[in-house]
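The values are calculated or read from the model by the stated rules, or taken from the named source; none is laboratory data. The model shown is predicted, which means the values in this text are computed figures rather than measured ones. Every residue, glycine among them, receives a Cβ derived from its backbone with ideal geometry; neighbour counts consider all protein chains shown. Each accessible area value is taken on the protein alone, full model and side chains, heavy atoms only, with ligands, DNA and RNA left out. Shrake-Rupley method; radii C 1.70, N 1.55, O 1.52, S 1.80 Å.
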Amino acid sequence: MDQTIKSRPMHAQSVRAISECHTLATFTEEPAHITRRFLTPPVHAVHTHLRQRMEALGMTVQTDAAGNLRGIHQPANAPAKRFLIGSHIDTVPDAGPFDGILGVTLALELVEIVQERQLPLSIEVIAFSEEEGVRYGIPFLGSRAVAGTFDEKLLAYEDADGIPMSEAIRSFGLDPTQIPSAAIEPQQTLGFLEIHIEQGPILEAEDLQLAAVTSIVGQTRGTLTFTGHANHAGTTPMHLRHDALAAAAEWITAVETHANSTPSLVATVGKIFADPNATNVIPGTVHTTLDLRHPSDPIRTVAVEALIAQAQSIAQRRGLTAQFTQTMNEPAIPMDLALTANLTAALESTGLPARILTSGAGHDAMILAARIPTTMLFLRSPGGISHHPAESVREQDVEAALHVAANFLERIFATINNT
Ligand code: GLV
Ligand code: MN
Ligand code: MN
């Protein structure tokens, strides 16, 4: 392990980064569960807490119009170009305490480390407002705004309570017409680092603590609606039914079979809504969702087309219709080669193997990677568990992540000084 790093144990900071995640987990929409959707009331408490920490570090803090909390550390002697570090503060329903937010609490520890080392590097920490896509069915709202790729049509989308996104932003005290001003200027930016839990079992299986991410798989998401006929459950003979839920069930099994037979394809039907949703009524309409991911975009596209065709053929055979509405089509994206090489070098100089991984999960990094050099550092997920309250991290992995990320930032600083 590098001498400078050895002599600066980061145990206390890693303990604090974890304990901050537990504190922030108490700011939730549902008591006893961690559920924090885009710009819901508990996000105010998260902002207040993080803002206080940023201000205590001497950072200049603002909330942009998409609800991203942004803190700038700009030493007087540092070049103006900033290096961005961050992750998201929203969660899935009944989440664990680390997905996203650990990348924010670690970013703040890194600012403190950079200050202690008097490294003249300008850093912007971004707590992205939305990555999961839970409230509006569209993920990455925060990072799209930062990347300058937020489509204003999204402002008309409504949540499950019929609240348009523009109104959610206004009720939070922000002006949605100002979202374009949240965009970074790529020329003024050195790059972006997102530190995140792996959310999968690979590092644990290999008894490794950390990995650098080389690419993020592409994702398609959408809604599949089966429309049949609602009717009386007691009087309608089986052969005269057009049961939308039975059709959806057949299709869901077909989705699983298709993914099982296609290497590296993962496909999930995670949501289902049957109408009228009554015990004694044949379901007339069913809305399901599809989440499909693959490292190769052509294979992903072919799989989506095959599954839509299969839904239509199941529907036709049963006298129903099936309609697919795509809500997301995000290509697979490589991480920046030079930044990722710095990250693997940082792993090695910290005494760790230079393991690289592809991310099966989506991350804000995939949106920023389209605009600026971007890389990610993964921490082992005990039990491979995530999107679940049992999600956890090991303290020694968090400490190792701080060592590696600090070494990485020193390399970034050395690179800009040599150019
Ligand atoms: C984000 O967590 C995703 O669904 O990949
Ligand atoms: Mn997540
Ligand atoms: Mn995440």
statement: Counting sequence-distant residues (5 or more places) and residues on other chains, those with an amide H built under 5 Å from that of residue 82 are 189, 190
query: What is the distance, in nm, between label points placed 7 Å from the Cα along the Cα-to-Cβ direction at residue 281 and at residue 394?
result: 5.3 nm
- prompt: Say R0 is 30 Å: what FRET efficiency, to the nearest 0.05, do residue 29 and residue 149 get from their beta-carbon distance?
  reply: 0.60
query: When the chain is fully extended, how far beyond the present Cα-Cα distance does residue 48 get from residue 167, taking 0.36 nm per residue of separation?
result: 40.7 nm
- request: In whole Hz, with x marking every Gly and Pro, tabulate ³J(HN,Hα) for the range 154-162 from phi via Karplus 6.51 cos²θ - 1.76 cosθ + 1.60, θ = phi - 60°.
  value: 4, 4, 8, 4, 10, 7, 5, 9, x
- prompt: Carbon and sulfur: what percent of the chain's accessible surface (1.4 Å probe)?
  reply: 54 percent
task: May I ask you to derive the FRET efficiency for residue 185 and residue 94 from their Cβ-Cβ distance with R0 = 41 Å, giving the value to the nearest 0.05?
output: 0.60
statement: P(r) over all Cα-Cα pairs of the range 218-330, 5 Å bins from 0 to the longest distance, whole percent per bin, short to long, reads 2, 13, 23, 22, 16, 10, 7, 4, 2, 0
message: Quick check for me: using +1 on Lys/Arg Cβ and -1 on Asp/Glu Cβ, what's the dipole size of the chain about its Cα centre, in debye to the nearest 20?
response: 360 debye
Cβ-based charge dipole, the range 218-330, positive-most Cα from 265, 239, 229: 239
- prompt: Which whole-Hz ³J(HN,Hα) couplings does the range 177-185 yield from phi under the Karplus relation 6.51 cos²θ - 1.76 cosθ + 1.60, θ = phi - 60°, glycine and proline marked x?
  reply: 5, 8, 4, x, 6, 7, 5, 6, 9
- request: Would you calculate, for the chain, the mean residue ellipticity at 222 nm contributed by helices, counting each DSSP H stretch of 4 or more residues as -39,500 (n - 2.57) and dividing by all residues, to the nearest 500?
  value: -11000 deg cm²/dmol
query: Cα axis of helix 337-349 to longest principal axis of the chain: angle in degrees, 0 to 90, nearest 10?
result: 60 degrees
message: Can you tell me the orientation of helix 101-116 relative to the chain, as the angle in degrees between its alpha-carbon axis and the longest Cα principal axis, to the nearest 10?
response: 10 degrees
- line: Taking Lys and Arg as +1 and Asp and Glu as -1, residues besides residue 319 with C-beta under 12 Å from its C-beta add up to +2
- prompt: According to a simple spin-label model (label point 7 Å from Cα along Cα-to-Cβ), what is the distance in nm between residue 414 and residue 22?
  reply: 3.7 nm
Rounded, prolate or oblate (a/c below 1.5 giving rounded, otherwise prolate when a/b exceeds b/c) for the range 89-150 by Cα gyration tensor: oblate
query: What do the square roots of 5 times the Cα gyration tensor eigenvalues come to for the chain, in whole Å, largest first, as semi-axes of the equivalent ellipsoid?
result: 41, 23, 19
message: Using a 7 Å offset from the Cα along the Cα-to-Cβ direction at both residue 271 and residue 345, what is the distance between the two label points in nm, to one decimal?
response: 4.4 nm
query: Over the range 218-330, what is the relative contact order in whole percent, taking alpha-carbon pairs under 8 Å and six or more residues apart?
result: 45 percent
field: Computed magnitude of the charge dipole of the range 231-330 (debye, nearest 20; Cβ of K, R +1, Cβ of D, E -1)
entry: 200 debye
- request: May I ask you to give the solvent-accessible area per residue for the chain, in square angstrom, as obtained with a 1.4 angstrom probe?
  value: 41 Å²
message: Of 11, 200, 356, which is farthest towards the positive pole of the chain's charge dipole, taken about the Cα centre with +1 and -1 on the beta-carbons of Lys, Arg and Asp, Glu respectively?
response: 356
message: Angle check, please: helix 42-56 long axis (alpha carbons) against the longest principal axis of the chain (alpha carbons), in degrees 0 to 90, nearest 10.
response: 10 degrees
message: Just to verify a number: what accessible area does residue 275 come out at with the full protein assembly present, 1.4 Å probe, Å² rounded to tens?
response: 70 Å²
- prompt: If r is the Cβ-Cβ distance from residue 325 to residue 356 and R0 is 45 Å, what FRET efficiency results, to the nearest 0.05?
  reply: 0.80
